[in-house]
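**Student:** Here's a structure for you.
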Amino acid sequence: MVLHEVIEMVEVKLQDIVKRFGETVALKGISLDIKHGELFTMLGPSGCGKSTTLRIIAGLEYPDGGKLYFGDQDVTYLPSHQKGAVLVFQNYALWPHMSVFDNVAYGLRLKKMSKDEIRKKVEWALELIKLKGFEDRYPTQLSGGQQQRVAIARALVVEPKVLLLDEPLSNLDAKLRLEMRSEIRRIQRELGITVIYVTHDQEEAMAISDRIAVMNVGTVEQVGTPKEIYESPRTEFVASFMGKTNVIPAKVVERDGDHVTVEFESFRLDGLHYTGKSDNVVVVVRPERIRLKPTENAVSLTGTVDLIEYYGFFVEVIGLFGEVRMIARTISDREVGSLKPMQPVTFYINRGDIIVLPKEQL
Amino acid sequence: MAVNKWVERFFGTPLPDGVVMTSFLFPLLYLLVFLVIPVLVMLLTAFVYNGHVSLYWFKSIFGSPYYFNPLHPSGFLVQLIPYGNQQIYLFSGWDFGVVINSILVSISVMILTTILGVSFAFVMARYDFPGKNIVRILLFVPLLVTPFVNVVVVQKMFLPNGLINWIFYQHLHLLPHPIWIEGLVGVIVAQSMTYYPIVYLNAYASFINIDPSLEEQAENLGSRGFHLFRTVTFPLALPGIAAGAALVGIFSLEDLAAPIVFQGSAIAKKLMSFQIYSSFVSGFAIGNPQMAALALVMLTIALIIFLTIRWYVGMKQYAMLSKGGRWKPRVAKPRPLQAAIIYLLVIPTLLITIFPQIGVILLAFSKRWYGTWPEGFTLSHMGSLLTQPDILRVIENSLLYSTVAIFIILLLSLTASYAAGRFKKARLAPILDSLATIPIAVPGIVIAMSYFFFFSTVPPFKGTALDPTNLLAFFPGAALILAYSIRRLPFAARSISAGIQQVHVSLEEAAINLGAGRWKALTSILIPMILLNLLGGAMLSFVYCMSETSVGITLGSINSTWYPITAKMKELITSAVGSANLAAALGVFLMLVQILAIVLANVITKQRYSFIGLT
């Protein structure tokens, strides 16, 4: 049985969703278009509103403004039990007084299916998540990873219009997390279902998603593929949230069409692409884009070595350029060579790898 | 359908939801009709004099030295008086007037129970000594509630020829003269011995719940012994201890058993609870607005204690600040001096405090008890439990009333805990939460009196079976069931809301999200998960209903066909000599019911339940 043959997976559309909790505005007008069959991730720090958005989609909260559509249907105020957007809770929310079978069968029994049909579907779901033979166990007799699988099976078996995952890996240890991550991806591909995934872990988001929405204090900062988000961040927040990166405040001192010269400390970087209005900017450079040997079309900055950190498969050189610290990351020991703290060092950066963004107002 | 702001504000759910609204409205209306309005109706009469709003009745209380005499107390605390051919110390107590007497008794009982409860709790929580398991079982004994008869035994213990003098005067020669305790001091001693387990249980739980690393850190920094206790342990346990002591203060204020037993010495009658009670039973004084005013004074004091402790405990929620996780409590072997204190002071004191319950059993199986010890073994009193029709009748009555009451209590506490615990943002949630706990602070005698006023004057109850003045049709059972359900609600609600708090809300949300309605989520997820708490709450309420005193001996004693057990017990101990033994037999019966309930609760729920000894 293939799930998407049986049920119709829908597009999910959020339009200007606003949510207030007392005086605080948790969501300040969220608009998102989630495509059919896509694994869509909402990524952001805690308190950014991602879980609230997910609970609104699940029907466990109602927005104070805006609309929610499944396909063409306005489902903004449809109660959770009629919505068909099934949530896998962060803590799995398995019922401890029911066996694995009863947990998974719960939603089917509500649909008044025949016993035979229920048994077949539960069997199918447990097979899908590789827990066949665990029917009679109780949740407390399962490991964290197994509990997670049961929670997913319980959600999938009712053939949801969209599957919602709230930080599904946060309660697992590091090794299991990687395993479950690819497991979720496998199931999603196999069934071709629409999945909305919430996490605060940018690495997890990049590895698993078709598209990511980066959220911050109740707004969506950027939506795009993992590559777009990582390589072309559109805001300072997105740039700094997506992994370790150098974010250096600077001033535009010369403009020439789309190209500008910026200045920080006593350093001047010319020929950088920037179309923003503000002259207060940040210069964003990924550590792995910084070379310690001269390359073509590169700007160079000379400072002193502050620290050298050895991580095994890569090395980070932290340089001090006046008051500004920059991290360069290299996988080549040879490039680091005999560098030592307090010695002078030169960072080379290809102009194409430098992103100039307007500085965010605090 | 769109979000309804009004529904969201009052019920916490944006969309109108029948289950949630019923869960709010049923307990709210019930408490309004059977607690708030009756008390208000009674209290209003206290403000009316000659058809005008007036403070006359309050002035009549505070202007009369009988009720309020702070400056020139009469009586004595202790006096050496001749007794036969020797001299004895007679303890009686000063008389500052009814209102101040009640407050002083209450404060004294709080202090004594705190000393007893905290000492026992600290020893049990922190020391491991040979015989500890026996002490643990012994500490269970004073938790058993035996209305009136335990006070009868306390009275006998402190007579000139009683047990205390037998030990400390005759055999240990620690007293220069025998002692005789009666009057207000008698009430204080009896109440302290009855109520200290409440402080003990609270203090024990507090000591056990202190994160050991907090004490270890203090030791690590150089603190030890009493300094450690004074600076770290005691302050951390204080909110729990204070909560226990406050409960004791309220119970002391409303207690009727001790003043009734000690009423032989006139000063023991000069307590607020007894004054209101005696106006009630003397009949012609019912409806006296002065008593309504006195009831208001008593209720105000109880509410002040209650609200102060709620505010204080709410402010000091740090006892639970430590990160979760189980830890091994700090238990040490006592050093020689500590062992000496445990064996020579703490355990003997414990033995004395459990003697009333043992005495009740002795009384039930003996023919007479005039001297130090009872005499003449007999089974006739216990046999009467099974054969004497009026005794059988009261047992049947109490079982009937209590059983009906626990169903109402469970329904009330389930709906109230669910509504107030799950929909905290609702405006009605804090109101419901307060209303469901406030019966703790409403003295039973106040409820009895309120019901009398309310049911006899306010339609549609006037003239029905609830109207006590409707002599032919009045059915006390109905009034008792209502009173039980209000008075015992907080205890069951506490057990049940603790259960609901342990069930993460996501478990219900998951069910709703998978297609279950609210009702289905409630019946298939929440209720099965808190079944043990429901059972525990049911046992607790049942035991408390069976031993309820204040309403039982007032509204419940209007018609002897419908007496509950406690009304019969009160009748027996205040009537002819010798019938105290039969009352004690009923006390033994109540003890058996309690032991059975506790054992059942422990076996079924595999959790530790204990009862907190109240009447």
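The values are calculated or read from the model by the stated rules, or taken from the named source; none is laboratory data. Nothing here was measured: the structure is a model prediction, and the numbers come from that model. Because the Cβ atoms are built from the backbone with ideal geometry, glycine has one as well, and the counts that use them run over all protein chains shown.
**Student:** Out of all the residues in region A:143-166, is one or more over 22 Å from B:Gly515 (Cα atoms), among the β-branched types (Val, Ile, Thr) and touching a residue at least 24 places away in the same chain (Cβ under 8 Å)?
**Tutor:** Within region A:143-166, the subset over 22 Å from B:Gly515 (Cα atoms) is A:143-146.
Of the ones still in play, those that are also among the β-branched types (Val, Ile, Thr) are none.
Checked against the condition, which is being over 22 Å from B:Gly515 (Cα atoms), among the β-branched types (Val, Ile, Thr) and touching a residue at least 24 places away in the same chain (Cβ under 8 Å), region A:143-166 yields no hits at all.
**Student:** On to the next question. Is it true that A:Ala298 is on the phi < 0 side of the Ramachandran plot, touching a Lys or Arg at 6+ places or on another chain (Cβ under 9 Å) and at pLDDT below 90? First the steps, then the outcome.
**Tutor:** Numbers: on the phi < 0 side of the Ramachandran plot: yes; touching a Lys or Arg at 6+ places or on another chain (Cβ under 9 Å): yes; at pLDDT below 90: yes.
When the stated conditions are applied, A:Ala298 passes them.
**Student:** Would you check if there is a residue in region A:49-63 being closer than 30 Å to A:Tyr230 by Cα, within 9 Å of chain B (Cβ to nearest Cβ) and part of a helix (DSSP H, G or I)?
**Tutor:** yes
**Student:** Another one. For region A:304-361, what are the residues that are farther than 30 Å from A:Gly276 by Cα and small (Gly, Ala, Ser)? Lay out the reasoning, then the answer.
**Tutor:** The first filter runs over region A:304-361 and keeps only residues farther than 30 Å from A:Gly276 by Cα, leaving A:304-317, A:330-345.
Passing the criteria: A:Gly312, A:Ser332, A:Gly337, A:Ser338.
**Student:** If B:Pro130 satisfies all but one of (1) within 22 Å of B:Gly244 (Cα to Cα); (2) without any contact (Cβ under 8 Å) to a residue 12 or more places away in the chain, what's the number of the condition it fails?
**Tutor:** Of (1) within 22 Å of B:Gly244 (Cα to Cα); (2) without any contact (Cβ under 8 Å) to a residue 12 or more places away in the chain, only one is false for B:Pro130: (1).
**Student:** A further question follows. Taking A:Val238 as the residue in question, decide whether it is farther than 30 Å from A:Lys130 by Cα, assigned to a strand (DSSP E or B) and out of contact with any Pro (no Cβ under 8 Å at 6 or more places or on another chain).
**Tutor:** Details: farther than 30 Å from A:Lys130 by Cα: yes; assigned to a strand (DSSP E or B): no; out of contact with any Pro (no Cβ under 8 Å at 6 or more places or on another chain): yes.
So A:Val238 does not fit the description; no.
**Student:** Further, regarding this structure: Can B:Ile134 be described as surrounded by fewer than 16 Cβ atoms within 10 Å (Cβ to Cβ), within 17 Å of the chain's Cα centre (by Cα) and at pLDDT 90 or above?
**Tutor:** Numbers: surrounded by fewer than 16 Cβ atoms within 10 Å (Cβ to Cβ): yes; within 17 Å of the chain's Cα centre (by Cα): no; at pLDDT 90 or above: yes.
Here the answer is no, as B:Ile134 does not meet what is asked.
**Student:** In region A:86-100, which residue that is outside any loop (DSSP other than H, G, I, E, B) and at the interface with chain B (Cβ under 8 Å from one of its Cβ atoms) is surrounded by the most Cβ atoms within 10 Å (Cβ to Cβ)? Steps first, answer last, please.
**Tutor:** Taking region A:86-100 and keeping what is outside any loop (DSSP other than H, G, I, E, B), we get A:86-88, A:100.
In the following step, the residues that additionally are at the interface with chain B (Cβ under 8 Å from one of its Cβ atoms) were identified as A:86-87.
On the way: A:Val86: 25, A:Leu87: 30.
Checking each candidate, the answer is A:Leu87.
**Student:** Next question. Tell me, which residue of region A:72-85 that is out of contact with any Asp or Glu (no Cβ under 9 Å at 6 or more places or on another chain) and facing another protein chain (nearest Cβ under 7 Å) is surrounded by the most Cβ atoms within 10 Å (Cβ to Cβ)?
**Tutor:** Looking at residues that are out of contact with any Asp or Glu (no Cβ under 9 Å at 6 or more places or on another chain) and facing another protein chain (nearest Cβ under 7 Å), I get A:His81.
**Student:** Also, I was wondering about something else. Restricting to region A:103-147, what's the tally of residues that are over 32 Å from the mean Cα position of the chain (by Cα), within 14 Å of chain B (Cβ to nearest Cβ) and not in a loop (DSSP other than H, G, I, E, B)?
**Tutor:** Final tally of qualifying residues: 3.
**Student:** Show the residue pairs that are 6+ apart or on different chains and have beta-carbon atoms under 8 Å apart, the first residue being within region A:262-281 and on the phi > 0 side of the Ramachandran plot, the second being assigned to a loop (DSSP other than H, G, I, E, B).
**Tutor:** Cβ pairs passing all conditions: A:Glu265/A:Gly322; A:Glu265/A:Glu323.
**Student:** For region B:233-352, which helices (runs of 4 or more DSSP H) that fit wholly inside it have 1 or more residues that are at pLDDT 90 or above, crowded, with 18+ Cβ neighbours inside 10 Å and in the same structural domain as B:Asp128 (by TED's automatic domain parsing)?
**Tutor:** Values: elements: B:234-254, B:257-261, B:272-281, B:289-315, B:336-341.
Where helices (runs of 4 or more DSSP H) fall fully within region B:233-352 and carry at least 1 residues being at pLDDT 90 or above, crowded, with 18+ Cβ neighbours inside 10 Å and in the same structural domain as B:Asp128 (by TED's automatic domain parsing), they are B:234-254, B:257-261, B:272-281, B:289-315.
**Student:** Same structure again: So for region A:34-49 (the condition being buried (at least 18 other Cβ atoms within 10 Å of the Cβ), closer than 25 Å to A:Arg154 by Cβ and in contact with an Asp or Glu (Cβ under 6 Å, 6 or more places away or on another chain)), does at least one residue qualify?
**Tutor:** Yes: one or more hits.
**Student:** Looking at the structure I just gave you, is A:Tyr69 within 14 Å of chain B (Cβ to nearest Cβ), of a type in the set (Phe, Trp, Tyr) and either under 18 Å from A:Leu164 (Cβ atoms) or in a loop (DSSP other than H, G, I, E, B) (or both)?
**Tutor:** Working: within 14 Å of chain B (Cβ to nearest Cβ): no; of a type in the set (Phe, Trp, Tyr): yes; either under 18 Å from A:Leu164 (Cβ atoms) or in a loop (DSSP other than H, G, I, E, B) (or both): yes.
No, not satisfied.
**Student:** Are any of the residues in region B:499-511 part of a helix (DSSP H, G or I) and away from chain A (no Cβ under 14 Å)? Working first, answer last.
**Tutor:** Initial filter on region B:499-511 (part of a helix (DSSP H, G or I)): B:499-502, B:505-511.
Adding the requirement that they be away from chain A (no Cβ under 14 Å) leaves B:500-501.
There is at least one residue in region B:499-511 that is part of a helix (DSSP H, G or I) and away from chain A (no Cβ under 14 Å).
**Student:** Turning to a different aspect of this structure: How many residues, within region B:527-543, are crowded, with 22+ Cβ neighbours inside 10 Å and within 14 Å of chain A (Cβ to nearest Cβ)?
**Tutor:** The qualifying residues number 2.
**Student:** Looking only at region B:545-566, decide whether some residue is crowded, with 24+ Cβ neighbours inside 10 Å, in a helix (DSSP H, G or I), within 13 Å of chain A (Cβ to nearest Cβ) and aliphatic (A, V, I, L, M).
**Tutor:** No, because not a single residue in region B:545-566 is crowded, with 24+ Cβ neighbours inside 10 Å, in a helix (DSSP H, G or I), within 13 Å of chain A (Cβ to nearest Cβ) and aliphatic (A, V, I, L, M).
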